[in-house]
Structure formats: C-alpha cells, structure tokens
C-alpha cells in the first residue's frame, strides 16, 4: 500500500519503520529539515499548512496514494481536507473537534461530560474577567500543540505574561482559560475502527515537571492503576470520542484523575508523540501506527506478543543553571539496572550545555527508553533521575 504522511513532525522514526516493516511504500511531505530521507520511499519538501499545497505536492508523485495520514498536530485538519480532495482514505473526524480546544470542550459540555474549561477569550481583559476569583487557572492557546504556550497561573499578576505567551502561538488569536484540575495525569491511546467502535490499546502514566509549565518528562506503559480507575479512564475515553464524532483513526486523550473521576484536558486525533507508540508496542504488542492505517482503510489489526511487561521513557532536560551531563555513560550502560533494560538512547545536546528549565517539547536534550518488568523499569528510571523529583500532577 502507498501511504503518504503529510505533516510528519519530529522524531517519528518508529512510525515510519513500522509502516515499512509491514510492507508499505511510505512517502512524506513536510519541511525539508524534518524529513528523514533514508527512512522513506518518496518525499517532497512542501506545505502541510495549505490544502491546495498538499494536494499539489501529493499529485507530483505521478501515482495514486492509497491512504493519507498526519502525525503533526498543527496539520491534522488541513491534511484531512486534502485527503478528501484527493479522494484518498484518511483519518475521519469532524473539522475542529480535535484541534480547537474551544470547540472540543463545547461539544463535551453539550454531551454532559466534565470539562475544566471556563471559556475562550481574545483579550487580556476577557482573560482577567474569567480568571477572577478562580486561581490557579491554566492559560493555553486554543489551536496549538505540544504543550506550547501552556502555563498554570497561580497569581493575578502573572496572568498577563501567560496570556501573551498563549496568544502569540495561536493561529486564530484565541486563548483558553481552564480551572486547574488536581490529580495524577494519564493519557489513553485508542483506535477507532468505525463510528462507535473504539478499542483502548493502553493507558499511559505521565511524569511532569512542577508548575507553572508541567512539561512532560516521561511516560510509563502500562500505568499503575486499580482496575476501577483503569475502567473509568477507558469508559471516559470512549464517551469523549463518541461525543466528538471520531469515525476512524487513532487518538491520544489526556486526563487528570480526580476524586470525582477522570476529567479530560484535551484529545488529539493522531498517534501520541513523546515516543509513546514505541512504549505501547513494547509493553502491549499494539502498533498504533499500523493500526491507524488499518482503521482508515477499513481493516483491523490485533496486537502482537509484547516484548516486555512495562516500558518507559525519560526525557533529559536542563534547569537553566547546571551544565548538562549525559545521564547514560559507558559505565552506567554496562551495569544493572540499565544493562538489561535500555532499548534506545538519544542526545540532542552536547555536555556542558546550559538549557532553560523546560516549557515544552523544544527544551528536551535527549531521552532514554527502557523496558522490562515493572521493578526493573522502576530501577532504571530511578538511576536516570538520580533522585530528582518527578511530579504527577497531584
């Protein structure tokens, strides 16, 4: 099958290799610096932010594509429209429901589902009015991705800076104000085969930095949960996807688990970032990238035998003061607990780099993926963290 990824994003090698290993011809349209030309069969440096630009670039291949997918949050709606114009199968979901946080939470309210959203604003004055008497609040752009422009605001005097940061990255100039929800954070990775037919592949435990940015430091699959909490997150995910009209594709839903049950932060109609698909495959046998292609083309897949009982990623970040040192060295990689668990290691920064405390994906200095049983994975993460605190949102 000829599969076009229009809007790849960064660090998506696992997805590309998964499709190629399944026997598919893989093409990419994206910015030239983001295309791993050695991992695809065809590529064009082109626009993923214009329907007509995408259609023209896809048509330049000289053959017909069998499916069009998108792994970049900012391009999801554009690619969906381009696939329709090309007459090619792609993820099916209503326009805006999985990209615009205002539209998303309005639909949830209409369906009677819990939402933290207080409103959507265009001016600082409107933002101040919504936030008054409700601190702490979360301020975020209505139509961005990757945690960019998101900030928890505890005091009124900090609201202006948070609003400016959010509106600066919002394509539509709209900012969302949410009440701050306390509780550990999880994501739920799902496949929707057809309208009303959603299958949960995994629940992911999220590790964060402390407020105000709560940047993601890592993930663990499967999350440590009681059966009741896992069932509650599964049911909440299915209810959210049904309310938003998901028809076919893969989704990544982020929840806070409160005393009253799961509360959705947001949901994306694409595979998760942060190497979560790699963790899901290691720990559950589900390949979300292959499952997404099957769903949009009217087929189904089943999970393979998992390679491990548990898998996790730890992202390396700076603190704005300390020169960066590589956590995995020759000595530590050659001895337990990393010797038996380390599956992938990448650094994006040289030792000695002084990097600001993380505010989003662009501040990551590298990552390590580990897999094994839960005790082995816990020991590996502890060695990578070197006793540093991991925040869970509670």
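Only the coordinates and a few stated rules stand behind these numbers; no lab work does. Please read all numbers here as calculations on a predicted model, not as lab measurements. Using ideal geometry, Cβ is built from the backbone for each residue, glycine included, and neighbour counts are taken over all protein chains shown.
Ordering 321, 44, 34 from the fewest to the most neighbouring beta carbons within 10 Å gives 321, 34, 44. Quote the relative contact order of the chain in percent (integer), defining contacts as alpha-carbon pairs under 8 Å separated by 6+ residues. The value is 14 percent. Nearest 0.05, what FRET efficiency do residue 356 and residue 135 give at R0 = 25 Å with Cβ-Cβ as r? The formula returns an efficiency of 0.50 here. Mean-square fluctuations from a GNM of the chain, with a 10 angstrom spring cutoff on Cα atoms, peak among 260, 20, 199 at 260.
Based on DSSP H runs of at least 4 residues, each adding -39500 (n - 2.57), what is the mean residue ellipticity at 222 nm of the chain after dividing by all its residues, to the nearest 500 deg cm²/dmol?
Values: 11 runs with 109 residues, N = 394.
After summing the helix terms and dividing by residue count, I get -8000 deg cm²/dmol.
Taking label positions 7 Å along the Cα-Cβ direction at both residue 164 and residue 123, the computed distance is 1.8 nm, reported to one decimal.
Full extension of the chain segment joining residue 307 with residue 63 gains 84.1 nm, where the gain is 0.36 nm per residue of separation less the Cα-Cα distance.
Computed over region 2-86, relative contact order equals 36 percent, with contacts defined as Cα pairs under 8 Å that lie 6+ residues apart. Please give the residues of region 174-215, grouped as numeric ranges, whose backbone N is less than 19 Å from a label point set 7 Å along the Cα-to-Cβ vector of residue 228. Once the point is set 7 Å along Cα→Cβ of residue 228, 183-186 turn out to lie under 19 Å by backbone N, inside region 174-215. Taking 143, 227, 100 as the candidate residues, the one with maximal mean-square fluctuation in a Gaussian network model of the chain, Cα springs under 10 Å, is 227.
Were the residues from residue 106 through residue 389 laid out at 0.36 nm apart, the gain over their Cα-Cα distance would be 98.3 nm.
Centre-to-centre, using Cα atoms only, region 201-248 and region 253-323 are separated by 9 Å.
Placing a label point 7 Å from the Cα of residue 346 along the Cα-to-Cβ direction, the residues of region 274-294 whose backbone N falls under 19 Å of that point are 274-283, 287-290.
Just rank 265, 1, fewest to most, by other beta-carbon atoms within 10 angstrom.
1, 265
Fewest neighbouring Cβ atoms within 10 Å first, the residues 28, 84, 276 line up as 84, 276, 28.
Taking P(r) over Cα pairs in 20 Å bins from 0, in percent straight from the coordinates, which label in [x] 28, 57, 13, 1, 0; [y] 21, 45, 29, 5, 0; [z] 27, 60, 12 is the correct one? Structure-derived value, by its label: [z].
Set the Förster distance to 22 Å, then compute FRET efficiency between residue 17 and residue 333 from the Cβ-Cβ distance, nearest 0.05.
Details: r = 23 Å, r/R0 = 1.04.
After rounding to 0.05, the efficiency reads 0.45.
Mind checking the full-extension length gain between residue 199 and residue 45? Use 0.36 nm per residue of separation minus the Cα-Cα distance, one decimal, nm.
Full-extension gain reported as 52.0 nm.
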